[in-house]
Structures are given as structure tokens and as C-alpha cells.
Amino acid sequence: MSKKIPLLIDTDPGVDDALALLMAFADERHDIVGLTIAAGNVGLDHTVRNALKLCEVAGRDDVPVYAGTADPLLHPSVDAAHVHGADGFGDVNLPAAKRQVEAEHAALAILRLSHEYAGELFLVALGPLTNLALALKLDPTLPQRVKRFLVMGGAVTCHGNITPAAEFNIAFDPEAAHIVFTGFPHIEVADWEATVAHGLLHADVEQWLAADSDKARFYELISRQTRLWSEDSRGERWYAADALAMAWALQPEGALRVESRPLNVELAGVHSRGATIVDWNRQTGQPDNTQLLMAYDQGRFEAQVRAALGV
Ligand code: BDR
Ligand code: CA
């Protein structure tokens with residue numbers, strides 16, 4: 001068997017983060033070298049606790065978990081507890097995991113692992129980019145050691161989910177996103193609009209979650225509140241943003257259309273702070289710093305979700 005790809009995931013679990021992590025755990029071509037934890041969907045204490053719990057339930061206590069930064073770089077932001085539950089995992093009173101978080105800060109772990117796996121490391125970011133921005137500020141040479149970098153974030157034609165123009169992960173910490181999008185020369189972006197184009201039918205998801213598997217049972221429990229909220233407010237399809245990003249990360253051959261363009265993060269807009277401005281017509285003359293996912297094989301995406309749930 002060929003050598004596995006070292007995968008480092010920065011994440012703010014979060015219900016759809018949890019699904020994405022289960023997908024990564026189920027994948028045989030990647031070796032997860034760590035989870036660095038961001039604040040976002042809920043506060044850092046909850047996202048760290050959730051990451052540890054998920055690892056325990058999935059039997060992956062071999063994966064080290066590093067806590068990151070509790071607040072956005074400059075301005076306070078509102079979390080997404082209305083979607084994910086006050087504890088980020090559907091408020092079902094899960095007992096805490098037995099394991100403790102590592103002592104090393106997430107930003108330092110990112111830098112250390114980038115040296116350990118220099119030239120091989122695959123970074124996937126599923127939350128606000130605070131930890132990545134800090135790591136970049138500490139060491140701007142980080143991108144030179146990263147082979148592939150994929151971000152779930154943004155809205156490529158400014159059809160946002162948290163404001164009319166902006167997507168949650170970028171809007172939560174726009175300054176961090178700006179640092180990351182100007183610091184890394186090549187970023188693969190799975191945005192909110194791709195998520196909406198690849199929704200999962202609630203009826204299918206409910207069927208998968210009824211399977212006789214521990215992972216399906218656990219995921220049914222923690223995602224129940226989110227799925228009900230989604231059905232009420234968004235209709236028959238569930239938008240699992242981080243899961244789509246992870247599908248592309250793990251099986252890039254499933255991408256049907258990817259566009260390369262320059263992308264900038266809006267920091268100052270009155271109505272558009274946190275928006276991702278894609279230079280579709282290449283008017284700025286900037287280099288294409290992003291590869292934008294436009295279409296992914298839906299069957300392949302759903303197969304990965306089912307495999308992650310043990311269905
Ligand atoms: C993103 O925001 C979070 O609520 C989700 O976990 C996902 O990463 C979607 O906008
Ligand atoms: Ca997330």
C-alpha cells in the first residue's frame with residue numbers, strides 16, 4: 001500500500017464538522033496527524049470538548065487534539081449556537097471524554113507538524129481561520145511546507161449564510177481570513193454556495209441515521225436539533241458544509257468543476273464585512289490564489305457520508 005497522506009484538520013465542532021471528521025476517520029488514504037481546534041460554532045471550551053468526545057466515540061483517541069484561540073483576532077463575533085446547540089453538539093448532555101487536550105497551542109502544533117511533514121502535509125480548515133492566521137504570523141514560511149490547503153468558507157458570488165453577503169467561517173474572523181488568503185498562494189475553497197448546490201435530502205439522511213451502527217446512533221443524537229432547525233428554516237435538503245469540503249479533500253477525483261480565480265476578503269464593508277470577493281473577470285491582475293469548487297459528484301459525496309456513518 002502506498003504511503004498515507006498526513007492530514008491536519010483545523011475545526012470548530014459543530015455538527016457538520018463532526019460528520020466531516022467521521023469521514024476523515026473512515027478514509028484509508030489519509031493519516032490524521034492532529035486536530036487543531038478553533039472557536040466558532042460555539043466557544044472554544046465546547047469545541048475542544050466536542051472534538052475529544054468525537055474521537056472517543058469513534059475509537060480514535062490516537063489522534064492528538066490541540067486547543068487554539070478563544071476569540072477572533074480583532075472583533076468579537078456571534079457564534080452559531082442557534083444552529084448547533086448551545087454546546088455545539090445538540091445539547092444532549094453527553095458526558096465529557098476521558099482524555100484531556102494536549103498542552104501545546106494549536107498554532108504551535110500547526111507549525112511543528114508542518115516541519116515534521118514538510119512538503120507532504122495536507123491542511124484542511126473547517127472553521128474560522130484564527131489559528132491558521134496566528135501560525136502564519138508566527139512563521140510566514142508555513143505555506144512552503146504545506147502540500148495542499150483546503151478551506152471550507154466563503155460565498156463565491158456573495159450569497160452568504162450569516163449575512164446577506166458573507167459566510168459564517170469567514171465572517172466570524174475576517175481579519176484572520178484576510179491574513180490566510182494573502183499568506184497562502186494556493187487555497188482550495190469549498191464555499192457555502194457549493195454546499196447549497198450539494199444538499200442532502202433529509203429523508204435520505206434520516207434513513208442512513210437509522211442504521212444499526214454506533215456511529216450512526218451517535219450522529220443521529222447530536223445532529224437531531226440541527227436537522228430539525230434546518231428542515232424548518234431551509235426546507236427538504238440539509239446543507240452539510242464541512243462534509244462536502246471533506247469529501248473533496250479526501251477524494252479530489254470527485255470534483256466535476258473547479259475554477260481558479262483571485263479572491264479577497266472584505267474587511268471594511270458596511271453591509272459586506274467578511275464577504276469573499278472573487279475576481280471572476282480577473283480585473284485586478286492579481287494571481288489566482290484560489291481554486292473554487294463549483295460541482296462535485298453527488299453520488300460520491302453521499303457514499304462517503306454513508307461510509308463514515310457505518311451504513
Ligand atoms: C460553516 O459554518 C459553520 O456553522 C459550519 O460548521 C461550517 O463550517 C458553514 O458556513
Ligand atoms: Ca465548521
One residue from Ala249, Ala268 being under 26 Å from Ala176 (Cβ atoms) and buried (at least 20 other Cβ atoms within 10 Å of the Cβ): Ala249
Selected residue [in contact (Cβ under 8 Å) with a residue 12 or more places away in the chain, open to solvent by 10 Å² or more (accessible area, probe 1.4 Å), away from ligand 1 (no atom under 16 Å from the Cβ) and outside any loop (DSSP other than H, G, I, E, B)] from Ala303, Ala295: Ala295
So Arg60, is it modelled with pLDDT of 95 or more and over 15 Å from Asp17 (Cβ atoms): no
Any hit, segment 59-69, residues being within 14 Å of ligand 2 (Cβ to nearest atom) and out of contact with any His (no Cβ under 9 Å at 6 or more places or on another chain): no
Residue check for Pro72: open to solvent by 60 Å² or more (accessible area, probe 1.4 Å) and not charged (D, E, K, R): no
Number of the exception - Thr284 against (1) free of Cβ contacts under 8 Å to residues at least 24 places away in the same chain; (2) among the β-branched types (Val, Ile, Thr); (3) not in a loop (DSSP other than H, G, I, E, B): (3)
Residues that are among the β-branched types (Val, Ile, Thr), closer than 18 Å to Glu104 by Cα and either within 10 Å of ligand 1 (Cβ to nearest atom) or over 12 Å from the mean Cα position of the chain (by Cα) (or both), drawn from segment 15-48: Ile32, Val33, Thr47, Val48
Helices (runs of 4 or more DSSP H) contained in segment 135-228 and holding at least 3 residues open to solvent by less than 20 Å² (accessible area, probe 1.4 Å), among the aliphatic types (A, V, I, L, M) and modelled with pLDDT of 95 or more: 174-183
Residues within segment 107-131 that are within 16 Å of ligand 1 (Cβ to nearest atom) and under 17 Å from Val48 (Cβ atoms), tallied: 6
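Which one of Ser260, Ser272 is outside any helix (DSSP H, G or I), of a type in the set (S, T, N, Q), closer than 24 Å to Asp173 by Cα and in contact with a strand residue (DSSP E or B) (Cβ under 6 Å, 6 or more places away or on another chain)?
Sole residue among the options that is outside any helix (DSSP H, G or I), of a type in the set (S, T, N, Q), closer than 24 Å to Asp173 by Cα and in contact with a strand residue (DSSP E or B) (Cβ under 6 Å, 6 or more places away or on another chain): Ser260.
The values are calculated or read from the model by the stated rules, or taken from the named source; none is laboratory data. Here the structure is a predicted model, which means the values were calculated and not measured. All Cβ positions, even for glycine, are placed from backbone atoms using ideal geometry, and neighbour counts span all protein chains on display. Ligands, DNA and RNA are excluded from the accessible area calculation, which covers all protein heavy atoms including side chains. Shrake-Rupley method; radii C 1.70, N 1.55, O 1.52, S 1.80 Å.
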